[in-house]
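The values are calculated or read from the model by the stated rules, or taken from the named source; none is laboratory data. Since this is a predicted model, take the numbers as computed values, not measurements. Cβ atoms come from the backbone with ideal geometry, glycine included; neighbour counts cover every protein chain shown.
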Amino acid sequence: MTTVRAIYEWLDGWAPFSTAMSFDNAGLLAGSGAEEVRRAVLALDITPAVVREAASSGAQLIISHHPVIFNPLRRLTPDSAPWLLARHGIAAVCAHTNLDLAPGGVNTCLAQRLGLRNVRTLGVDAPSGLPESLCGELPAPLEPRAFALLVKEALGCEGVEYTEGAAPVRTVGLCSGAGGSYAPADPAAAGIQAFVTGEAHHHELLAAREAGLTLVVAGHHHTEAVVLGPLREKLAAAFPDVAFTVAASSIAPSHHL
């Protein structure tokens, strides 16, 4: 029999919850850990739609990247995700920044999806000593616009935002999600010509342009959802008695016109 606790401990052995950043709320956020798991659903976010999908499939557990409880809960309503988890008796394990930092985690999956080679650490998270950003090489150099199109196609985005860098792109840095602040101030010193992330502020786009960096902003969801398939495969191999599926309702919250 596989329990929620066993799956939590397996995740903890690979992407230790103790390495999550200080602002985070990763871990077992719903349930006791003693629940038997026969079916589990994976999602980037635990939304009401994801909980209803999990309940309709008979799942006992949802594993998500983003924490279902992040800010203090001041009120519970019957249509909220935490309420629905309790109502349907579904446990929730959320692996957030610990999964970003883990070898083989979100950033690694993003690098693989982009087809990068010789993937290595670009920037390090000071408290944990783990890589907060990665870099790697393209098989062949691309002009900035062609590289932005490659990112769009590789991630299945409706569109990307990018700055036109000063040089053809060969070495690419990346940080999934809200990683615009991790783009190096001096790309030449960092040895990269492009940086891929999910979100970037206006001033970060301005800085990238002035530094001659091709900064590609592909959307928070699209740069992180790349982990769900590989994570499902790892879990299925570790727990063959559990049916793991990626939620069909785990989709980007917005569209581009």
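Taken over segment 36-78, the criterion of being in a loop (DSSP other than H, G, I, E, B) and crowded, with 17+ Cβ neighbours inside 10 Å is satisfied by 37, 44, 45, 46, 47, 59, 60, 65, 66, 67, 68.
For residue 200, the stated conditions do not hold, so it cannot be described as part of a loop (DSSP other than H, G, I, E, B), farther than 27 Å from residue 228 by Cβ and hydrophobic (A, V, I, L, M, F, W, C). In segment 234-242 there is no residue that is surrounded by 18 or more Cβ atoms within 10 Å (Cβ to Cβ), of a type outside the set (A, V, I, L, M, F, W, C) and not in a loop (DSSP other than H, G, I, E, B).
For residue 182, the conditions (1) under 15 Å from residue 135 (Cβ atoms); (2) over 16 Å from the mean Cα position of the chain (by Cα) are fulfilled apart from (2). In segment 217-233, the residue that is surrounded by the most Cβ atoms within 10 Å (Cβ to Cβ) out of those that are touching a helix residue (DSSP H, G or I) at 6+ places or on another chain (Cβ under 7 Å) and closer than 30 Å to residue 6 by Cα is 223.
Output the residue which, of all residues in segment 133-152 that are within 18 Å of the chain's Cα centre (by Cα) and in a helix (DSSP H, G or I), is farthest from residue 106 (Cα to Cα). Among those that are within 18 Å of the chain's Cα centre (by Cα) and in a helix (DSSP H, G or I), it is 152. Of all the listed residues (115, 123), the sole one being in contact (Cβ under 8 Å) with a residue 12 or more places away in the chain, on the phi > 0 side of the Ramachandran plot and surrounded by fewer than 20 Cβ atoms within 10 Å (Cβ to Cβ) is 115.
Taking residue 189, is it touching a residue at least 24 places away in the same chain (Cβ under 8 Å) and among the hydrophobic types (A, V, I, L, M, F, W, C)? Criteria not met by residue 189. Can you confirm whether residue 81 is free of Cβ contacts under 8 Å to residues at least 60 places away in the same chain, small (Gly, Ala, Ser) and surrounded by 14 or more Cβ atoms within 10 Å (Cβ to Cβ)? The answer is yes for residue 81.
Check 171, 214, 197, 245 and return the single one that is under 30 Å from residue 2 (Cβ atoms) and either touching a strand residue (DSSP E or B) at 6+ places or on another chain (Cβ under 9 Å) or in the same structural domain as residue 67 (by TED's automatic domain parsing) (or both). Steps first, please.
Numbers: 171 fails: under 30 Å from residue 2 (Cβ atoms); 214 fails: under 30 Å from residue 2 (Cβ atoms); 197 fails: under 30 Å from residue 2 (Cβ atoms).
Being under 30 Å from residue 2 (Cβ atoms) and either touching a strand residue (DSSP E or B) at 6+ places or on another chain (Cβ under 9 Å) or in the same structural domain as residue 67 (by TED's automatic domain parsing) (or both) holds for just one of 171, 214, 197, 245, which is 245.
Exactly one residue out of 176, 128 is more than 9 Å from residue 194 (Cβ to Cβ), crowded, with 19+ Cβ neighbours inside 10 Å and touching a residue at least 40 places away in the same chain (Cβ under 8 Å): that is 176. Within segment 3-35, how many residues are of a type in the set (A, V, I, L, M), assigned to a loop (DSSP other than H, G, I, E, B) and buried (at least 19 other Cβ atoms within 10 Å of the Cβ)? Final tally of qualifying residues: 3. All told, residue 12 meets the bar of being among the charged types (D, E, K, R), without any contact (Cβ under 8 Å) to a residue 12 or more places away in the chain and either in the same structural domain as residue 55 (by TED's automatic domain parsing) or within 15 Å of residue 98 (Cα to Cα) (or both).
Total residues in segment 18-50 satisfying the condition of being polar (S, T, N, Q) and under 19 Å from residue 229 (Cα atoms): the figure is 1. If you go through segment 113-124 and keep only what is under 18 Å from residue 15 (Cα atoms) and either modelled with pLDDT under 95 or of a type in the set (S, T, N, Q) (or both), you end up with just 121.
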